[in-house]
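The values are calculated or read from the model by the stated rules, or taken from the named source; none is laboratory data. Remember, it's a predicted structure, so these values are computed and weren't measured experimentally. Here the Cβ positions follow ideal geometry from the backbone for every residue, glycine too, while neighbour counts run over all protein chains shown.
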Amino acid sequence: MNEHAPSAAGALTDQDIVDLTERPSDAFNEVTLQADYTTRAALSFYRFRQLGGDYHLPTRKKKRRQEAPEGADNETEQGLRHPKLRLGQTTGRGVHYISSHPKVPLFQLSIIALMIIFESAANAYFFAKQSEFGLAGGIFQAAAVSLANVATSFFLIGYWGLRHISMPWDSDNLRSRRNLYIVMGVVAILVGLALVFLVNLSAAHYRNILDLEALGKSFPEGLPTKSWSPFFLIDKDVCSTILNSDLGSTIGAAATNAMCRPAALHSLDAMVLLALGLSIAAFAAFEGRRLDSPFPGFSDAARSLESARSDLRDALYMFEDSYEDIKEEIVEVKGSELTPKEKMLIHRTMSRMVAPYIKLLRTTDDGLSDEFGLDHEIIEQFRVKPKSEG
């Protein structure tokens, strides 16, 4: 028992019941373990929001430390820390929105798979008519074109390009990783757009040449080979040499026609194929933009916090369910049934034990005030009040 237990057998004081309730148990140990994970995840998420998606700070911090007087105490050292790393102050150019990551990323990818299937089926109709392998060959060719079109739009333009350029430019730290991601996003969009137009124009010219072969026709002689700029950086003489050769009238010249004379389309099917490919590419890029938060790593930090809080909530439920086990142990020690007062004492003790951990399931007003630089009076306007306060 404990020092508060009386000598009389079977008699338990209130303190005895409290001590028995607070004894270590697997259920409560799980609560403390998950609370530790949640605390770490919350600190990691908060720090990410403070730094605004970056992983390092400007070198001005070193300058301030060098300018500090000799023998500076700990408080002075704390004062020299970068403002983004100080608690109790607004985080400035941090990440100030809820993570926009989808709850089920697999759903986004399934949409992309459906788009590839739909575009492949539609393109197969245009390719199968004159394909030497018939419908099977048309489906294979259409699937390859659709996969290249959708994958480039989704990952290169949407996920890497549009997502990263959505971040605000950090003018205070030009060499920050945030700015590097923005530059990489612009490059990804330019490269992705060039590839998407090239793939879709090549597919359209492929269909155009199939129609010419079916009609026994060929491109008119003297057709200009430069109709736009930058003309995919292909030299005009090279284009003319290829297109005026025997290869120029075959389906093998579809990509060359797309690069050298992209507007030389006469077939309605080819134009419809081009419009369909570009439309699906635009939708795929939009879905790629929505796949994750613009700030690399922000959604990962948010998902880690959500998962940790969910695990902590489950652990708290398990501890609540352990009430019967605790009651049986106390009944066994006491040798008789518990009174309503003793049962209530167990409930109150259990509630007091988990009270600090329940706070980890919500964002405090102090955290919101520090993160957004708002007064508590403003936050109070948005807080849901119990009916008793209304």
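Structural remarks
- Meets criteria (farther than 30 Å from residue 176 by Cβ and either touching a His at 6+ places or on another chain (Cβ under 9 Å) or in the same structural domain as residue 161 (by TED's automatic domain parsing) (or both)) for residue 315: no
- Here 183, 191, 187, 150 are screened, and the one residue that is among the hydrophobic types (A, V, I, L, M, F, W, C), out of contact with any Cys (no Cβ under 9 Å at 6 or more places or on another chain) and touching a residue at least 60 places away in the same chain (Cβ under 8 Å) is 150.
This table checks each residue for (1) buried (at least 19 other Cβ atoms within 10 Å of the Cβ); (2) of a type in the set (Gly, Ala, Ser); (3) modelled with pLDDT of 90 or more.
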| position | (1), (2), (3) |
| --- | --- |
| 276 | yes, no, no |
| 290 | no, no, no |
| 303 | no, no, no |
| 313 | no, no, yes |
| 318 | no, no, yes |
| 336 | no, yes, no |
| 344 | no, no, yes |
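- Among the residues listed as 281, 258, the single one being among the aliphatic types (A, V, I, L, M), buried (at least 16 other Cβ atoms within 10 Å of the Cβ) and at pLDDT 80 or above: 281
- Total residues in segment 279-300 satisfying the condition of being closer than 26 Å to residue 199 by Cβ and part of a helix (DSSP H, G or I): the figure is 11.
- Within segment 67-175, helices (runs of 4 or more DSSP H) holding 2 or more residues that are at pLDDT 65 or above, surrounded by fewer than 19 Cβ atoms within 10 Å (Cβ to Cβ) and on the phi < 0 side of the Ramachandran plot: 105-128, 134-151
- Residue-level check: of (1) of a type in the set (Ser, Thr, Tyr); (2) more than 14 Å from residue 26 (Cβ to Cβ); (3) under 50 Å from the mean Cα position of the chain (by Cα), residue 336 misses just (3).
- Filter result (free of Cβ contacts under 8 Å to residues at least 40 places away in the same chain and either among the acidic types (Asp, Glu) or in contact with a Leu (Cβ under 9 Å, 6 or more places away or on another chain) (or both)) within segment 264-309: 300, 306
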